[in-house]
Amino acid sequence: MSKRVLVKFSGEALAGKTGFGIESEILNYIALELKSLVDNGIEVGIVIGGGNFIRGVSASEGGLIRRTSGDYMGMLATVINGVAMQEALEHHGLDVRVQSALEIKEVCETYIYRRAVRHFEKGRVVIFVAGTGNPFFTTDTAATLRAVEIEAQMIIKATKVDGVYDKDPCKFEDAKMLGKISYDQALKDNIKVMDDTAIALAKDNALPIVVCNMFKAGNLLKIIQEEKDAIYSMVSN
Ligand code: UDP
């Protein structure tokens with residue numbers, strides 16, 4: 001059986017320095033990193049956040065917009081990112097389907113588990129958008145849920161840092177990167193690799209969470225191919 005992974009990255013990753021919108025150079029870089037996985041026979045599912053456009057919590061600050069509506073706005077933002085990534089991957093010759101947890105049939109397919117699995121079997125990349133389709137959840141939880149559903153071997157949380165540190169590496173020079181952490185430790189020590197809902201779901205289903213730097217070219221592939229010089233932290237049993 002070929003390897004199947006779910007790669008999650010935040011919407012902000014696409015935005016570059018401004019923190020807003022999509023920078024095509026970055027979109028293209030990430031697309032090429034993901035393409036290298038597909039080229040090596042790996043089945044790839046993708047979840048992208050929406051923070052480069054809107055987050056429910058921030059949208060509802062001040063009380064003008066209710067949290068639920070803000071969250072739906074956030075979910076729609078993830079659709080924008082998903083469609084952009086589809087374009088970028090297709091530009092490089094990949095076969096890609098976007099599946100949405102909310103029905104937006106003019107834009108993309110609706111999420112159907114069996115259909116997603118069939119896409120993987122046919123060598124297509126599947127981008128899961130609109131989160132879980134429910135407010136009060138995050139795209140980390142959506143990504144974990146989809147990873148469990150599609151029986152991915154791991155969920156890769158691709159970030160701007162190399163992995164999980166014992167303290168904030170931006171603030172403390174002596175911060176140490178942790179290689180392996182248990183789910184319980186991540187929850188107990190409040191190590192926010194993902195929100196607690198996502199970590200608990202991963203724990204219940206023994207889904208390993210890999211945290212790595214997506215801006216280190218070639219690292220994603222090295223991790224999946226279990227190469228010695230791959231740089232990452234892992235949350236698992
Ligand atoms: N969201 C939601 N339900 C979900 C997933 C996402 O309501 O299942 C909303 C929520 O408002 C969130 C926004 O979509 O703030 C964007 O997702 P997230 O903040 O996880 O994006 P990221 O920080 O990864 O870019």
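Once amide H atoms are placed 1.01 Å from N in the peptide plane, what residues at a sequence separation of 5 or more from residue 181, or on another chain, have their amide H within under 5 Å of its amide H?
Here 234, 235, 236 satisfy the definition.
Step through the residues of region 127-143 one at a time and calculate ³J(HN,Hα) from phi using the Karplus curve (6.51 cos²θ - 1.76 cosθ + 1.60, θ = phi - 60°), rounding each to whole Hz and writing x for Gly and Pro.
Per-residue couplings from phi come out as 9, 8, 10, 6, x, 8, x, 10, x, 6, 10, 10, 6, 5, 5, 4, 5 Hz.
Using modelled backbone amide H atoms (1.01 Å from N, in-plane), which distant-in-sequence or interchain residues come within less than 5 Å of residue 51's amide H?
11, 12
Looking at the chain only, what percent of DSSP beta bridges run antiparallel? Nearest 5 please. Walk me through the numbers on the way to the answer.
Numbers: 5 of 34 bridges.
The antiparallel proportion sits near 15 percent.
Taking amide H atoms as placed 1.01 Å from N in the peptide plane, list the residues 5 or more away in sequence, or in a different chain, whose amide H sits under 5 Å from that of residue 213.
Amide H neighbours of residue 213: 159.
Per-residue ellipticity at 222 nm for the chain, helices alone: DSSP H runs ≥ 4 residues times -39500 (n - 2.57), over residue total, nearest 500 deg cm²/dmol?
-11500 deg cm²/dmol
I'd like the distance between the alpha-carbon centres of region 181-233 and region 90-106, rounded to an integer number of Å.
So the two Cα centres are separated by 26 Å.
Taking residue 228 as the anchor, which aspartates and glutamates have their alpha carbon closer than 18 Å to its alpha carbon, excluding any fewer than eight residues away along the same chain?
Partners within reach: 162.
Sequence gap at least 6, Cα distance under 8 Å: using those rules, report the relative contact order of region 72-200 to the nearest whole percent.
18 percent
Using the structure shown, list the pairs from 8/180; 3/167; 167/203; 167/222 with a Cα-Cα distance above 29 Å, or answer none.
Going by Cα-Cα distance, 3/167 fall outside the 29 Å limit.
Just to check I understand the Karplus step: with θ = phi - 60° and J = 6.51 cos²θ - 1.76 cosθ + 1.60, what whole-Hz values come out for region 181-195, glycine and proline as x?
Values per residue, Gly and Pro as x: 9, 8, 4, 4, 5, 4, 6, 5, 7, 6, 7, 7, 5, 8, 6 Hz.
Name the shape class, rounded, prolate or oblate, that the alpha-carbon gyration tensor gives for region 1-49, where a ≥ b ≥ c are the square roots of its eigenvalues, rounded holds for a/c under 1.5, and otherwise prolate holds if a/b is larger than b/c and oblate otherwise.
oblate
Spelling out what I want: for every residue of region 198-204, take phi, set θ = phi - 60°, compute 6.51 cos²θ - 1.76 cosθ + 1.60 (Karplus), and round to whole Hz; glycine and proline get x.
Once rounded to whole Hz, the list reads 5, 5, 5, 5, 5, 4, 4.
Rank these for me by crowding, 159, 144, going from fewest to most other beta carbons within 10 Å. Don't jump to the answer; show the numbers that get you there.
Details: 159 19, 144 31.
In order of increasing Cβ crowding within 10 Å: 159, 144.
Can you tell me the FRET efficiency between residue 196 and residue 225 if r is taken as the Cβ-Cβ distance and R0 is 35 Å, rounded to the nearest 0.05?
Efficiency, rounded to the nearest 0.05: 0.70.
No value in this document is a laboratory result; all are computed from the given coordinates. Since the structure is predicted, the reported quantities are computational estimates derived from the model, not experimental observations. A quick note on method: Cβ atoms are made from the backbone with ideal geometry, for glycine too, and the neighbour counts reach across all protein chains shown.
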